[in-house]
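Report on one structure; see the data block that follows.
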Amino acid sequence: MTLLITGGTGFVMSNLARHWLESDPVASVHLLDAAPWDVRLDRFFEPVRERLHFVQGSVLDQAAWDQLAAEPITRVVHGATITPSRERERANPREIIEVNLMGTVNALEFARRLPTFKRFVYVSSGAVYGEALPGTPDVPVPEDGRVSPVELYGITKFGSEHITRRYGEVFGLEMASVRFSGVYGPMDRATPARAVDCVPKKIVAAALAGRPIRVKALDAGGDFIHAHEVATALAAMLRASTLKHAVYNVAYGEFTLIGELIDIVRQVVPELRAEVVSESDADITYDSRDRLGRWGDYDISRLQHELGWRPRPIGEALRSYIAWMRENG
């Protein structure tokens, strides 16, 4: 099976590409990304490099799509996006909207013309759930619950979900969207399209650097999932004979406190210290009052019941990330 991944050299999508190739010895992957290839990617993909093909180009550039038109691609995962800081949102909102919305349209237009097309998965985000209203029940966030994105990132993600769904209806194609909670894991690094660091990465980086992790609140937290677990979920969706729903949460499915994450890391790096400081001085500014909506835990029963997917225990997954960070920096 031949898979195309847009945004394929980025953090989460690179984990999907490697898992796809490692789990199927005859599969191949095409990666489309605006960022250039680098030595980190060489090292990460070394075991499977001969079945991986890279095209550098923007999802807004028709010439980049034309390079892929003759390939026997059967499945597409559209992960290319801009995950902006507030400063970037303020400085260039048009760029975010164009890449995150029109990039999706271009990916769908490409997919629907593939003669061997099987399934399209759009990578959305838990950011679509937005802030919880007073009276919101304290339960894992379901896919059919309230959706109210705040920033342009979440707004364009939710818009792209609807565009993806409608393309499926109009052209009779198999489409689905996935909403991630807080993802951490190998290859999480600064790129031109990604301007955020996840909470587990900040804790692990501080531990391995021998400095304290400064937090606003130890009893704040969220739903944190390892990128490998995300990759296994996406691969299961791509290989399934059919999918019953248009949207799936991909998450750990439980709320984990920052203090609990620190305790897990201390099992490997005992000298890690945590300091509770003011928000302006904190490395992690999560607020203990944020436990619902996009900040809460996500309902993952659709993936569990439909595909039998389960994430590893968070302690096991986080320890594997520490080992990877030690080896790769």
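Computed from the coordinates by the stated procedures, all read-outs in this text should not be read as laboratory data. The shown structure was predicted, so the numbers you read here are calculated from the model rather than taken from an experiment. Quick reminder, even Gly has a Cβ in these numbers, built from the backbone with ideal geometry, and neighbours come from all protein chains shown.
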Please report, in Å, the Rg and the Dmax of the chain, where both are computed over Cα atoms only. 19.2, 58
Could you point to the residue in 37, 52, 26 farthest towards the positive end of the chain's charge dipole, with +1 and -1 charges on the Cβ of Lys/Arg and Asp/Glu respectively? 26
Show me, for the stretch 59-73, the HN-Hα J-couplings you get by feeding each phi into the Karplus relation (A = 6.51, B = -1.76, C = 1.60, θ = phi - 60°), rounded to Hz, glycine and proline as x. 5, 8, 9, 4, 4, 5, 5, 4, 5, 9, 4, 8, 7, x, 7
Total lysine pairs whose alpha carbons fall under 26 Å of each other in the stretch 85-230 (8 or more apart, or interchain): 5
Along its three principal axes, how long is the stretch 118-254 when you only count alpha carbons? Whole Å, largest extent first please. 54, 37, 28
Please list 319-328, 106-115, 4-13 highest first by mean number of surrounding beta-carbon atoms within 10 Å per residue. 4-13, 106-115, 319-328
Per the helix-only calculation at 222 nm, which mean residue ellipticity applies to the chain, given -39500 (n - 2.57) for every DSSP H run of n ≥ 4 and division by its residues, nearest 500 deg cm²/dmol? -11000 deg cm²/dmol
Across every pair of different alpha-carbon atoms, what Kirkwood hydrodynamic radius in Å does the stretch 171-245 reach? 15.2 Å
Give me Rg/Rg_expected for the stretch 1-98, where Rg uses Cα atoms only and Rg_expected = 2.2 N^0.38 Å with N residues. 1.13
What number, in nm² with one decimal, is the all-direction average of the projected area of the convex hull of the alpha-carbon atoms of the stretch 248-305? 5.4 nm²
Just to confirm a number: summing +1 for Lys and Arg and -1 for Asp and Glu over residues other than residue 15 whose beta-carbon lies under 10 angstrom from that of residue 15, what do you get? -1
Beta bridges by DSSP in the chain, antiparallel share as percent, to the nearest 5: 10 percent
Using Cα pairs under 8 angstrom and six or more residues apart, how large is the relative contact order of the chain, in percent? 19 percent
Rounded to two decimal places and with Rh computed the Kirkwood way over Cα pairs, what is Rg over Rh for the stretch 173-329? 0.99
